[in-house]
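What follows is a set of notes on a single structure, which appears directly below.
The values are calculated or read from the model by the stated rules, or taken from the named source; none is laboratory data. This is a predicted model, so every value here is computed, not measured. Virtual Cβ from ideal backbone geometry, glycine too; neighbours counted across all protein chains shown. Note: areas computed on protein heavy atoms with side chains; ligands, DNA, RNA excluded. Shrake-Rupley method; radii C 1.70, N 1.55, O 1.52, S 1.80 Å.
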Amino acid sequence: METTAVTTPQTSAATTKPKAAISADFDTFLKMMTTQMKNQDPLNPIDSSDYAVQLATFSGVEQQTRTNQLLEGLTSQFGVLGMAQLAAWVGQEARSAAPVYLGDKPVTINYHPAAQADRAVLVVRNVKDQVVSREDVSLEGGAYQWLGADAAGKPLPNGVYTLKIESYNGEQQLGEAVSVESYARILEARGGSNGPTLVLEGGIEVSATDITALRVP
């Protein structure tokens with residue numbers, strides 16, 4: 001009940017102002033047309049078809065204005081609907097190619113080396129974009145438990161890291177490094193000008209359109 005009491009006046013005001021503006025514009029248009037008729041040359045009056053054209057033009061502009069207002073309202077409703085659907089995602093685990101948050105447990109990632117590769121290397125970078133670890137991984141790809149260790153095998157501090165796979169054939173690297181996918185818990189869903197954004201563990205933000213899978217933890 002409280003929600004209705006708050007939102008109803010706002011909605012009424014939003015819909016009344018455009019209508020009032022259109023009504024005022026139409027009154028002004030009629031006054032201008034009346035003045036035009038009063039001041040026309042009696043010996044060379046304006047053709048009635050010209051008045052019809054002017055009325056049709058104004059009617060078309062008015063209709064377009066109403067259509068634009070309707071579209072704006074629908075866009076707003078779709079945005080609310082999208083956020084309502086995303087709210088159900090909060091608490092689930094989402095798979096994406098975003099950076100990973102290393103906590104107290106290993107991170108399960110999913111990767112796929114190039115088909116021609118005879119060697120695959122997992123490259124780990126910290127938030128300063130510094131390489132903190134490089135480790136050979138299986139060419140089979142698929143799920144892999146990343147333990148979060150540096151090049152010397154010592155545990156890395158908790159934090160956000162970017163993981164990518166480099167594929168090699170001999171000494172030649174095959175293409176660019178490819179981001180790995182991993183699951184992370186969704187903590188929050190936000191709306192924005194660029195579409196809905198999900199906030200994952202560690203404060204990692206990812207677009208909702210970049211989520212490739214969901215699962216219940």
- Residue by residue through segment 177-186, which ³J(HN,Hα) values in whole Hz follow from phi under the Karplus form 6.51 cos²θ - 1.76 cosθ + 1.60 (θ = phi - 60°), with glycine and proline marked x? 5, 10, 5, 8, 9, 8, 9, 8, 6, 7
- Yeah, segment 93-142 with a ≥ b ≥ c from its alpha-carbon gyration tensor (a/c under 1.5 is rounded, else prolate when a/b outruns b/c, oblate otherwise) is oblate
- Item | Segment residue 40-residue 209, length gained on full extension (0.36 nm per residue, minus Cα span) | 54.7 nm
- Query: For the residue pair residue 85 and residue 199, what label-to-label distance in nm results when each label sits 7 Å from Cα along the Cα-to-beta-carbon direction?
  - Reply: 2.3
- Message: What figure, in Å² to the nearest 10, do you get for the accessible area of residue 128 with a 1.4 Å probe and non-protein molecules left out?
- Response: 150
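Quote the relative contact order of segment 148-210 in percent (integer), defining contacts as alpha-carbon pairs under 8 Å separated by 6+ residues.
Relative CO of segment 148-210 lands at 19 percent.
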- Message: Once neighbouring chains are kept in place and the probe is 1.4 Å, which whole percent of the accessible area of segment 81-217 is contributed by carbon and sulfur?
- Response: 48
